[in-house]
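The values are calculated or read from the model by the stated rules, or taken from the named source; none is laboratory data. Because the structure is a prediction, the values reported are computed rather than measured. All Cβ positions, glycine included, derive from the backbone under ideal geometry; neighbour counts span all protein chains shown. Side chains are part of the model used for accessible areas, which takes the heavy atoms of the whole protein and leaves out ligands, DNA and RNA. Shrake-Rupley method; radii C 1.70, N 1.55, O 1.52, S 1.80 Å.
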Amino acid sequence: MIAALRSWSPFSQIVALMVVSFVVGAVLGGWVFELFHPIPPAAAVSVRGSLALSFCLFVAFVLSVYRIFRGEKPLDLHVPPDWSPVTAMAVAILIGYLIGTSIFK
Amino acid sequence: MNPSIKANPSVKRTAKAVYRVFHVLSPLLVLAVGIPAGFLVFLTKGHEFCTYKTEALPDIWLFALGAVAFFAGHYFGILGTGQANKITPASQKFGRLAIVTAFLVTSLILVFEALGTAEIAVGTTTPSQLEPITYYVRCAITRDVDISGLVFTRLLIGLTFYVAGNWFWPNRTLPAAEAPR
């Protein structure tokens, strides 16, 4: 399993890590948040969405610091050149939608 | 189109020079528009009078405007293609610090956003103590309808997203060895 994960491209590994972080942030982050503050049902999606994105960015921060201390670049967010432009655009639109709805809605 | 104009190197140089000046000045332009607009909103009608009249952005086309401006910022950056990549060790350190700081600060902002959203007071006349950032954005946009008929809002969204696409999604530098001499 780990060997299979290591064979993925760096960008795919980052995308996978962000997806896992998003789910963990929404579920576990929401649970921790509810220990300190109630989440109104009408705002559940917005609150958990913000927490999920927040955890993604926190993981990116920790990973970047770790990589910098190892003498590497912070995070390689460049889309691999062998990806089809349509896939890259779809991923960009999905990320933009998540961030946009979190800010504007 | 006249091919002699298209191939004229002095015209290309002038276009690149104009682009580079605009590229450097564009973040300042955001501030030059944003600061007076913010003061106008704040001075004419304070945020304490804002109530939630709508549960979403007043005009969805503002979102579309931001998306178009973001892509425009990237593709206008192609005008600067051929510029040599002048990354120095100092600028590399600064860039890494900026990325790491941006990740951490945005993460904390989103926690505040979650807290504000949880305390949201839909339909009340007085806002709760903590409000999500969206509250202030929506409030400013609603006020700008009265102040300038959304001119400031459209300008700011267009400029901000243009700068984001132009600066954070660059496509214009070449390794120094490959740059035209």
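A few comments on the model shown:
- The requirement of being modelled with pLDDT under 85, closer than 18 Å to A:P41 by Cα, out of contact with any Pro (no Cβ under 9 Å at 6 or more places or on another chain) and open to solvent by less than 60 Å² (accessible area, probe 1.4 Å) is not satisfied by B:P127.
- Tally, over the stretch B:63-80, of residues that are open to solvent by 40 Å² or more (accessible area, probe 1.4 Å), under 21 Å from B:R13 (Cα atoms) and not hydroxyl-bearing (S, T, Y): 3
- Counting only residues that are under 19 Å from the mean Cα position of the chain (by Cα) and among the acidic types (D, E), the stretch A:48-86 holds 1 of them.
- Failed item, numbered, when A:P74 is tested on (1) closer than 28 Å to B:T117 by Cβ; (2) modelled with pLDDT of 75 or more; (3) not aliphatic (A, V, I, L, M): (1)
- Conditions (1) of a type in the set (S, T, N, Q); (2) within 13 Å of another protein chain (Cβ to nearest Cβ); (3) open to solvent by 60 Å² or more (accessible area, probe 1.4 Å): number failed by A:S7: (2)
- Subset tally (residues that are under 19 Å from the mean Cα position of the chain (by Cα) and at pLDDT 90 or above) for the stretch A:31-47: 3
So that you can scan it fast, the table gives a plain yes or no per residue for (1) part of a loop (DSSP other than H, G, I, E, B); (2) touching a strand residue (DSSP E or B) at 6+ places or on another chain (Cβ under 8 Å); (3) at pLDDT 85 or above:
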{"position": "B:P58", "(1), (2), (3)": "yes, no, no"}
{"position": "B:L62", "(1), (2), (3)": "no, no, no"}
{"position": "B:G66", "(1), (2), (3)": "no, no, yes"}
{"position": "B:A69", "(1), (2), (3)": "no, no, yes"}
{"position": "B:H74", "(1), (2), (3)": "no, no, no"}
{"position": "B:G77", "(1), (2), (3)": "no, no, no"}
{"position": "B:I87", "(1), (2), (3)": "yes, no, no"}
{"position": "B:A90", "(1), (2), (3)": "no, no, no"}
{"position": "B:K93", "(1), (2), (3)": "no, no, no"}
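- Test: residue in the stretch A:15-27 that is hydroxyl-bearing (S, T, Y), modelled with pLDDT of 90 or more and surrounded by 20 or more Cβ atoms within 10 Å (Cβ to Cβ): yes
- Some residue of the stretch A:62-71 being part of a helix (DSSP H, G or I), closer than 15 Å to A:A26 by Cα and open to solvent by 50 Å² or more (accessible area, probe 1.4 Å): no
- Only residues that are in contact with an Asp or Glu (Cβ under 7 Å, 6 or more places away or on another chain) and either open to solvent by less than 30 Å² (accessible area, probe 1.4 Å) or modelled with pLDDT of 80 or more (or both) were counted in the stretch B:132-170, giving 4.
- Condition check for B:L115: modelled with pLDDT of 85 or more and either over 19 Å from A:A60 (Cβ atoms) or more than 12 Å from chain A (Cβ to nearest Cβ) (or both): yes
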